[in-house]
1. Just to confirm my numbers, what's the Cα centroid distance between the range 92-154 and the range 170-214 in Å?
2. Which entries of K83/K271; K83/K379; K290/K379 have Cα-Cα distances beyond 32 Å here?
3. Of the heavy-atom accessible surface of the range 276-340 (probe 1.4 angstrom), what whole percent is carbon and sulfur?
4. Sort 192-198, 251-257, 224-230 for me by packing, meaning the mean count of neighbouring Cβ atoms within 10 Å per residue, highest on top.
5. Please work out how much length the chain gains when fully extended from E103 to T56, using 0.36 nm per residue of separation minus the C-alpha to C-alpha distance, in nm with one decimal.
6. Between W89 and I346, what length comes free when the chain is fully extended (0.36 nm per residue of separation minus the Cα-Cα distance, one decimal in nm)?
7. Which value in nm describes the separation of the simple spin-label points at K365 and E331, placed 7 Å from the Cα toward the beta carbon?
8. Between the range 217-263 and the range 286-336, how many Å separate their Cα centres?
Amino acid sequence: MMQTTNFSQFNIPSIVRASRSPTTTILRRKTTSSWRLSPVLAVASPTTSPSRHQVTHSMPPEKLELFKSLEPWVSENILPLRKPVEKCWQPIEFLPNPSQGPEQFEEEVRALRQRVLGLSDEYFVMLVGNMLTEDALPTYQTVINTFDGVRDETGSSPCPWAIWTRAWTAEENRHGDLLRTYLYLSGRVDMLMVDKTLQYLIGAGIDIGVENNPYLGYVYTSFQERATCLSHGNMARLATEGGDPMLARICGTIGADEKRHEHVYTRIVEKLLEVDPNATMLAIAHMMKKKIIMPMHLMYDGQDPNIFEHFSAISERQGIYTSRHYAEILEFFIIRWKLEKLEGLIGEARRAQDYVCGLPPRVRKLESRAKKIEPRQVKFSWIFNKQVIV
């Protein structure tokens, strides 16, 4: 029989330190709540968190009817935000086009390779990381389709929640295709090692702690889409500085898609705050307590067991996605969702509100105390010369 977590008690799954293996134990049990900011989880930086016991199906069964009742709202307010295929950009529009003939194609490839000469190896490590994040799309669709009450039950379900998930997946699919092809044509990375890393990553899956729970899941997707938008935007800036305006355009275009998707998930959480403020406030605090984890935190290339930490260090040092960005995203959603102004919250939900709204300055204070790590050389299998500075 399926056991659920009592949302009214705001139970937090225990956090444990374990081996780096992605294998974890499924645990269905209650733990006590705590509003103390854990030093392990409080530092808001894009690094992997300790492995945790997995909690499943934490949404009370009676909440299923709420998501069913929201289907007309999804049809009217979310599905119109899909972009028609005929109006969507496609990867070939940004790439050398072989249909123009071999001579023109070869000339465009040579021009592409000339443009990327001004970009550092560190930049290409980050570009590979962004591509892997986008290309692990099968994992993300799988996770969303575990959410109780909104999953695609058949693979082609007419449920509005499922229609959105498939449309989102189709739009996102272009991102990895475009970045992968650009990387391949650039000649700057070892595509064999990149492909191996992707296979390891998809095989490992993802452990973001959303517990099959759409309240938690849509908080995560709101946060993650905004983080991804910021990352692509910063990559566009560095591409411009490095002398590749086409790559800057690519990253900026992908970032614009992420921004639109962020708007969708943000609106869903806004609606949940309207119709069920107590449970939604608890969900927001629940995810902040755990910390939003980057989706590629189980990345492995077959050689470096610490590759995600090394990638995150480069991202932090280059200003692509940093601890400061994490805090700023949290502040943004506190304002966007008007969390400080929510009224009528009771019990644990009121304490959750105080916790979340008081978290940004505490995070910034902890981050300001973080020790500076001296730059060092690390081997990256994706880069031909293997050595980069982190």
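1. Result: 8 Å between the Cα centres.
2. Working: K83/K271 21 Å; K83/K379 41 Å; K290/K379 30 Å.
Beyond 32 Å between Cα atoms: K83/K379.
3. Numbers: 1030 of 1950 Å².
Of all accessible area on the range 276-340, carbon and sulfur atoms account for 53 percent.
4. Details: 192-198: 17.9, 251-257: 20.1, 224-230: 22.0.
Top to bottom by mean Cβ count within 10 Å: 224-230, 251-257, 192-198.
5. Numbers: separation 47, 0.36 × 47 = 16.92 nm, distance 5.58 nm.
Gain on stretching E103 to T56: 11.3 nm.
6. Details: separation 257, 0.36 × 257 = 92.52 nm, distance 4.67 nm.
Length gained, W89 through I346: 87.8 nm.
7. 1.6 nm
8. Result: 15 Å between the Cα centres.
The values are calculated or read from the model by the stated rules, or taken from the named source; none is laboratory data. Being a predicted model, the structure only gives us computed values, none of them experimental. Every residue, glycine as well, gets a Cβ built from its backbone with ideal geometry; the counts of neighbours run over all protein chains shown. These area figures cover heavy atoms from the full protein model, side chains too; ligands, DNA and RNA do not enter into them. Shrake-Rupley method; radii C 1.70, N 1.55, O 1.52, S 1.80 Å.
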